[in-house]
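Some notes on the structure that comes next.
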Amino acid sequence: MNHDRVHAREPSHHVDRWSVGVIESIGERDGHCVVTVRPVGESAEGAESGGSGGEVDGDESPVELLITFAVRDLFVSRLAIADDESPVGERVWYRKRGG
């Protein structure tokens, strides 16, 4: 199975292939992790990374990313949040499979 990709920090490679979004939810489906991300509008993509800053473009529909639990644990551990804090609202960089 092909999985989507997600990073907690802005990628340094092939930057034009990645989209920026804000986590809306993290759940589970069919033994995989599903991260729902709301894409960030063009004006906020150039904003400094970190946290949930930036405006969200209301025209963008949420994107569901299917990832492994190992990838979820890795990217959540790299977010600038406390161990007991939810990653909802945090900015991430993502690519849909094949993207």
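At a glance:
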{"quantity": "Whichever residue in the range 80-96 is in contact with a strand residue (DSSP E or B) (Cβ under 8 Å, 6 or more places away or on another chain) and not β-branched (Val, Ile, Thr) and, among such residues, is most open to solvent (accessible area, probe 1.4 Å)", "calculated": "LYS96"}
{"quantity": "Residue tally, condition in a helix (DSSP H, G or I), of a type outside the set (D, E, K, R) and open to solvent by 30 Å² or more (accessible area, probe 1.4 Å), over the range 68-79", "calculated": "6"}
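The values are calculated or read from the model by the stated rules, or taken from the named source; none is laboratory data. Note that this is a predicted model, so its numbers are computed, not measured. Neighbour counts are summed over all protein chains in view; Cβ atoms, including those assigned to glycine, are modelled from backbone coordinates with ideal geometry. Each accessible area value is taken on the protein alone, full model and side chains, heavy atoms only, with ligands, DNA and RNA left out. Shrake-Rupley method; radii C 1.70, N 1.55, O 1.52, S 1.80 Å.
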